[in-house]
Amino acid sequence: MNFQIALIPGDGIGPEIVAEARKVLDAICKKYGHEFKYKELLLGGASIDVHGIPLTDETIEEAKKSDAVLMGSIGGDAATSPWYKLEPSKRPEAGLLGIRKALNLFANLRPAYLYNELKDACPLRDEIIGDGFDMMIMRELTGGLYFGERKTVEENGVRKAIDTLTYDENEIRRIAKRAFDIARKRRNKVTSVDKANVLDSSRLWRKVVEEVAVDYPDVELEHMLVDNCAMQLVKNPGQFDVILTENMFGDILSDEASMVTGSIGMLSSASLNETKFGLYEPSHGSAPDIAGQNIANPIATILSGAMMLRYSLDLDKEADDVEKAVQAVLADGVRTGDIMSEGCTKISTSEMGDRICAKILGE
């Protein structure tokens with residue numbers, strides 16, 4: 001089968017990890033006879049360096065022409081990079097928010113899975129880990145506080161900043177439906193996270209989620225306040241299947257969940273619209289301090305490629321192959337520095353990509 005894939009290497013370690021994900025996708029093509037045609041696009045700091053802005057109309061249009069987008073990491077060191085001397089609307093992260101909005105990517109999927117081979121990297125005690133955990137965080141991505149009206153004013157000589165948190169019922173309903181649909185493919189449980197004891201937006205969120213749940217009688221629904229959820233993630237992560245929540249809460253909780261797994265360098269991410277189109281990226285940042293050193297962990301990006309195969313291209317068997325290859329390489333006891341443990345062999349970014357490709361191809 002033939003597919004058009006947009007590649008956004010991005011900033012920092014982005015080009016290195018995207019190169020390894022592309023290598024793995026090429027191995028899948030070799031094994032199954034597919035053809036992926038790639039188009040590299042600029043976003044974030046890389047786009048600022050060339051065009052003076054973090055997102056161009058050309059990048060948006062080329063992304064829309066593709067079957068899916070695979071991206072590295074966006075941004076740099078806020079303390080030293082000249083990108084962060086620009087006004088906020090022209091900084092790298094503004095490009096990321098902009099492309100999500102332009103492509104209508106409202107549903108963010110972040111799996112948090114504990115590999116048995118990486119139990120030693122998990123910061124939680126063995127009695128808390130138990131038999132491990134496997135959760136999917138569904139974060140609404142294009143509404144809420146990050147996209148609400150904002151301004152900074154001065155009143156009576158005092159500076160005041162205002163950020164507006166807004167959701168309408170349609171925005172809530174569509175992400176809730178996605179969460180329940182995915183729960184049906186997993187363990188049939190949705191935990192909807194809000195702050196309904198304080199926020200009107202959360203009270204509406206809870207009401208609409210309950211309305212959606214009526215159409216999914218086979219899926220268990222529970223509500224949980226966000227502060228309690230943050231505690232439960234480190235107290236009993238195994239209780240969660242699908243966590244459904246709004247934009248800012250999801251941003252925070254997904255990072256917490258990723259660190260419970262032992263390393264954010266292992267965790268993939270997908271952002272989907274109402275079709276099969278999606279943008280796939282690692283959950284971690286651009287790590288400018290290690291960029292260009294061939295030591296970054298490419299697994300999160302490689303697994304993001306596997307999510308792309310599964311959710312946008314309907315290549316489930318191929319996605320399984322990538323995921324099994326990653327697990328097999330970990331079982332061999334090789335690690336990048338961020339997941340290194342006693343008795344294992346430390347390898348580079350490119351070596352990790354090579355070993356995963358070898359597993360896929362049976363070499």
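So here's what we get for this one:
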| read-out | value |
| --- | --- |
| Residue selected from the range 186-214 under the condition among the small types (G, A, S) and either touching a Pro at 6+ places or on another chain (Cβ under 8 Å) or within 13 Å of L244 (Cα to Cα) (or both), by the criterion surrounded by the most Cβ atoms within 10 Å (Cβ to Cβ) | S192 |
| So A291, is it at pLDDT 95 or above, of a type in the set (G, A, S) and farther than 30 Å from G143 by Cα | yes |
| Selected residue [buried (at least 17 other Cβ atoms within 10 Å of the Cβ) and either closer than 27 Å to A270 by Cα or at pLDDT 95 or above (or both)] from G144, G148, G132 | G144 |
| Filter result (surrounded by fewer than 17 Cβ atoms within 10 Å (Cβ to Cβ) and under 22 Å from the mean Cα position of the chain (by Cα)) within the range 333-342 | G337 |
| Sole residue being of a type outside the set (S, T, Y) and touching a Phe, Trp or Tyr at 6+ places or on another chain (Cβ under 9 Å), chosen from A107, A68 | A68 |
| Count of residues meeting criterion [of a type in the set (F, W, Y) and either assigned to a loop (DSSP other than H, G, I, E, B) or in the same structural domain as E20 (by TED's automatic domain parsing) (or both)] in the range 244-302 | 2 |
| Failed condition for P237, given (1) outside the structural domain of G130 (by TED's automatic domain parsing); (2) over 21 Å from L141 (Cα atoms) | (1) |
| Strands (runs of 3 or more DSSP E) lying entirely in the range 1-119 (those with 1 or more residues that are loosely packed, with under 15 Cβ neighbours inside 10 Å and charged (D, E, K, R)) | 35-40 |
| Test: residue in the range 209-227 that is at pLDDT 95 or above and within 30 Å of G95 (Cβ to Cβ) | yes |
| Residue pairs meeting the criteria (Cβ under 9 Å; at least 6 apart or on separate chains; first at pLDDT below 90, in the range 335-349; second part of a strand (DSSP E or B)) | M340/K346; S341/R335 |
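Every residue, every condition in (1) of a type in the set (A, V, I, L, M, F, W, C); (2) within 22 Å of the chain's Cα centre (by Cα), yes or no:
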position: A78; (1), (2): yes, yes
position: R91; (1), (2): no, yes
position: G95; (1), (2): no, yes
position: A107; (1), (2): yes, yes
position: L118; (1), (2): yes, yes
position: E127; (1), (2): no, no
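Yes/no matrix, rows are residues, columns are (1) closer than 20 Å to L272 by Cα; (2) more than 20 Å from the chain's Cα centre (by Cα):
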| position | (1), (2) |
| --- | --- |
| I299 | no, no |
| S312 | yes, no |
| C344 | no, yes |
| M352 | no, yes |
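So that you can scan it fast, the table gives a plain yes or no per residue for (1) crowded, with 16+ Cβ neighbours inside 10 Å; (2) among the small types (G, A, S):
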{"residue": "L221", "(1), (2)": "yes, no"}
{"residue": "N228", "(1), (2)": "no, no"}
{"residue": "F240", "(1), (2)": "yes, no"}
{"residue": "L244", "(1), (2)": "yes, no"}
{"residue": "F249", "(1), (2)": "yes, no"}
{"residue": "V260", "(1), (2)": "yes, no"}
{"residue": "M266", "(1), (2)": "yes, no"}
{"residue": "A270", "(1), (2)": "yes, yes"}
{"residue": "K276", "(1), (2)": "no, no"}
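Conditions tested, residue by residue: (1) in contact with a helix residue (DSSP H, G or I) (Cβ under 8 Å, 6 or more places away or on another chain); (2) farther than 20 Å from T142 by Cα; (3) of a type in the set (V, I, T).
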| position | (1), (2), (3) |
| --- | --- |
| I175 | no, no, yes |
| R178 | no, no, no |
| K195 | yes, no, no |
| V219 | yes, yes, yes |
| M231 | no, yes, no |
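The values are calculated or read from the model by the stated rules, or taken from the named source; none is laboratory data. Bear in mind the structure is a predicted one, so any value in this text is a computation, not a measurement. With ideal geometry, Cβ positions are generated from the backbone for all residues, glycine too; neighbour counts draw on all protein chains shown.
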